[in-house]
Amino acid sequence: MKYAVDENGFYGKFGGAYIPEMLYPNVEELRQNYLKIMQEPAFQEELQLLLKDYVGRPTPLYYAKRLSEKHNTNIYLKREDLNHTGAHKINNTVGQVLMAKRLGKHRIIAETGAGQHGVATATVCALMGLECIVYMGEVDIERQAPNVARMKMLGATVVPAISGSRTLKDATNEAIRDWINNPEDTYYIIGSVVGPHPYPDMVTRFQAVISEEMKWQLKEKTGRENPDFVVACVGGGSNAAGAFYHYLDTPEVKLVAVEAAGMGVDSGESAATSVLGKEGIIHGSRTLLMQTEDGQVTEPYSISAGLDYPGVGPLHAHLFDSKRAIFENITDEEALQAVLELTRLEGIIPALESAHALAALDRIGAKPDDVVVVNLSGRGDKDLSTYLDRFQLNG
Amino acid sequence: MDNRIKKLFAQKPQGLLSVYFTAGYPSLEDTVPIILELEKNGVDLIEVGMPFSDPLADGPTIQQSSGIALKNGMTIPKLFEQLQEIRKHTQIPLVLMGYLNPVMQYGVERFCQKAREVGIDGIILPDLPLADYVREYKAIFEQNNLSKIFLITPQTPEQRIREIDSHTNGFVYMVSSASTTGSTNGQAVVNTDYFDRVGKMTLKNPGIIGFGIHNRDTFAQACNHAKGAIIGSAFIKALGQEGTVAENIQNFIQSIRN
């Protein structure tokens, strides 16, 4: 595969494992074992059974008729919002918790932005009877309160990250520091396609089930495996990586990655890394990164906690650099309009993150006969208080 | 090859005290005064921290000093400007310590050349992996007569310690226990098995113990198992006390050594 990670953990010039020596034994143990473990028949059997009966896969591929009419093309929604816990994140946490068990670890840590990854991690830890600690930015704890409540209900300890902009980046810093301090018994379940190699590749592989299903579902519904477009939002980029994966080497499928523009890319309040970032190192990976001239990481902004991250996974940096994917960005306002549109046309309330992908539908130049798949990565329950507020539906 | 770190270990093989501070903290222009004052008080080696917005390997104290230093306006160009004439005033070995990204943006080669020009002896970049260093940067460091110092931990396998030892010169930075900097879990120097295991490996480089060394006791214990020890967070806390920089340094070093 042209876009697969190479033996040193790089996608083109992006990736690698830029970690302090304290993390080396853990990351190296994972690097040496992850593919072997993932290929074990017993591992696959356990994973597939959980994906089917516990997560609820396959998720439907839904032809959104009224949305299609509105945008004058054929739109299919990949319903990751219908997974147990309400987003694609659990595809990865189910896989990684099984990995942690194979490696003999019994204390699980995770970072979370919107809280979906935190909930998905707390969920599989409850399922497996493992201790779970989730780091979450103080700002995000406030704006995603329902997910904090769910994590607590599931028995996880939620630790606020109080440094920096107190969002996803800072939660990730704290999770990495925890791992440094607990090198023997702890496994770090990273929630996105970020971090040192092998995480970006491993998380991509666990999320690749999304495009694997898309292929046969599309074939059933349209007679062809390949859509004209796959559209997905990108913070770190795990749902996009999963939705793109089986189409990466099929150039006729246009891949659209949608970033959060926040208040606008030129406003100083944005998270559109492909526009504002340049090559650098964040969280152990060489990738595109929003930073100052002096190499200090810039604090990002988006209304969507899940997209509020100053980098992208190294695979996406490579897809951008090689022009394999088209990068769009969507403002807070545009995303909110897309929320309302999908809710009122299709009766589906999307997550703020996923709404960024929906809002890009008019940008991609889809023709009336084209087939467009939008990865509806999560549902909007966690964002209801923001929605009620913004749409003035309170009281 | 006139490298001050090598000379130091040759002249004074035991009980070395190395002190880390964040450049730009507490005030932007404190860098040179702190270096000179540390030397005056008998410190043997100084690690000048280059602040980074996201210091992954650091605990709260250095996170905070880094944040303040950045707010004060510290940058790599600014630091080199401050150090431009340092060798007119002191010959104490100086090591720059920081994270890879700011150095990458400055340009690794340019950084090494400038470091040599102002008289730096060694560089510590904890998130620059050994393999990448050997592949891309080792020649540049050596051309500029800079020791590239690497960290090892209680979890580092023997084979890797030997590999690190073979690619470096100066000293091996022995992280006392699995932790971020400034950890006060009290285990700092009880890990004698690990220190003695490394000691028996008879590496070509001397070892210095760092992370968690914070007072007279922990310093003395560390010196029993290695050539010396590094104090960072505890010193930064001392710098944040009331009083002048000179007073705080004098009191702190006396509390460690005299």
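May I ask you to list the residues in segment A:159-182 that are assigned to a helix (DSSP H, G or I) and charged (D, E, K, R)? Across segment A:159-182, the qualifying residues are A:Lys169, A:Asp170, A:Glu174, A:Arg177, A:Asp178. Scanning segment A:179-208 for residues that are closer than 20 Å to A:Pro160 by Cα, aliphatic (A, V, I, L, M) and away from chain B (no Cβ under 14 Å) gives a single hit, A:Ile189. Which residue is nearest to the other protein chains (Cβ to nearest Cβ), if the candidates are limited to segment A:120-178 and must be of a type in the set (Lys, Arg) and free of Cβ contacts under 8 Å to residues at least 12 places away in the same chain? Restricting to residues being of a type in the set (Lys, Arg) and free of Cβ contacts under 8 Å to residues at least 12 places away in the same chain, the top hit is A:Arg177. Look at (1) among the aromatic types (Phe, Trp, Tyr); (2) surrounded by fewer than 24 Cβ atoms within 10 Å (Cβ to Cβ); (3) in contact (Cβ under 8 Å) with a residue 60 or more places away in the chain and you find that A:Trp216 fails only one, number (3).
Right, A:Ser211: within 14 Å of another protein chain (Cβ to nearest Cβ) and free of Cβ contacts under 8 Å to residues at least 60 places away in the same chain or not? Criteria not met by A:Ser211.
Cβ-Cβ contacts under 8 Å between residues 6 or more apart (or on different chains), taken from a first residue in segment B:120-133 that is within 13 Å of B:Gly49 (Cβ to Cβ) and within 11 Å of chain A (Cβ to nearest Cβ) to a second residue that is among the hydroxyl-bearing types (Ser, Thr, Tyr) and part of a loop (DSSP other than H, G, I, E, B), are listed as B:Leu125/B:Tyr99; B:Pro126/B:Tyr99.
Of these, A:Gly311, A:Gly242, which one is within 16 Å of the chain's Cα centre (by Cα), at negative phi, within 14 Å of chain B (Cβ to nearest Cβ) and at pLDDT 95 or above? Step by step, each of A:Gly311, A:Gly242 is checked, and only A:Gly311 is within 16 Å of the chain's Cα centre (by Cα), at negative phi, within 14 Å of chain B (Cβ to nearest Cβ) and at pLDDT 95 or above.
Within segment A:1-21, residues that are touching a residue at least 24 places away in the same chain (Cβ under 8 Å) and hydrophobic (A, V, I, L, M, F, W, C) have Cβ atoms under 7 Å from residues that are part of a loop (DSSP other than H, G, I, E, B) and loosely packed, with under 13 Cβ neighbours inside 10 Å in these pairs: A:Met1/A:Asp249, counting only partners at least 6 apart in sequence or on another chain. Residues that are buried (at least 24 other Cβ atoms within 10 Å of the Cβ), farther than 21 Å from A:His197 by Cα and away from chain B (no Cβ under 14 Å) within segment A:263-302 comprise A:Ser270, A:Ala271, A:Ala272, A:Ser302, listed in sequence order.
Listed by first and then second residue, the pairs with beta-carbon distance under 7 Å, at least 6 apart or on different chains, first residue in segment A:233-246 and part of a loop (DSSP other than H, G, I, E, B), second surrounded by fewer than 24 Cβ atoms within 10 Å (Cβ to Cβ), form an empty list.
Results for (1) more than 14 Å from chain B (Cβ to nearest Cβ); (2) touching a residue at least 60 places away in the same chain (Cβ under 8 Å); (3) part of a helix (DSSP H, G or I), shown as yes or no for each residue.
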residue: A:Arg31; (1), (2), (3): no, yes, yes
residue: A:Met38; (1), (2), (3): yes, yes, yes
residue: A:Phe43; (1), (2), (3): yes, no, yes
residue: A:Gln48; (1), (2), (3): yes, no, yes
residue: A:Leu51; (1), (2), (3): yes, yes, yes
residue: A:Thr59; (1), (2), (3): yes, yes, no
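Just one residue in the set B:Ile213, B:Ile256, B:Ile209, B:Ile230 is of a type in the set (A, V, I, L, M), buried (at least 19 other Cβ atoms within 10 Å of the Cβ) and over 15 Å from the mean Cα position of the chain (by Cα); that residue is B:Ile256. Those residues that are within 8 Å of chain A (Cβ to nearest Cβ), part of a helix (DSSP H, G or I) and within 24 Å of B:Arg110 (Cα to Cα), I need them from segment B:43-76; list them, please. Answer for segment B:43-76, where residues must be within 8 Å of chain A (Cβ to nearest Cβ), part of a helix (DSSP H, G or I) and within 24 Å of B:Arg110 (Cα to Cα): B:Leu70, B:Ile76.
So which of A:Phe14, A:Phe10 is within 14 Å of another protein chain (Cβ to nearest Cβ), in contact with a strand residue (DSSP E or B) (Cβ under 7 Å, 6 or more places away or on another chain), surrounded by 13 or more Cβ atoms within 10 Å (Cβ to Cβ) and more than 30 Å from B:Ser183 (Cβ to Cβ)? Matching residue, one of A:Phe14, A:Phe10: A:Phe14.
The values are calculated or read from the model by the stated rules, or taken from the named source; none is laboratory data. All values reported here derive from a predicted model rather than from experimental measurement. Positions of Cβ are backbone-derived with ideal geometry, glycine not excepted, and every protein chain shown enters the neighbour counts.
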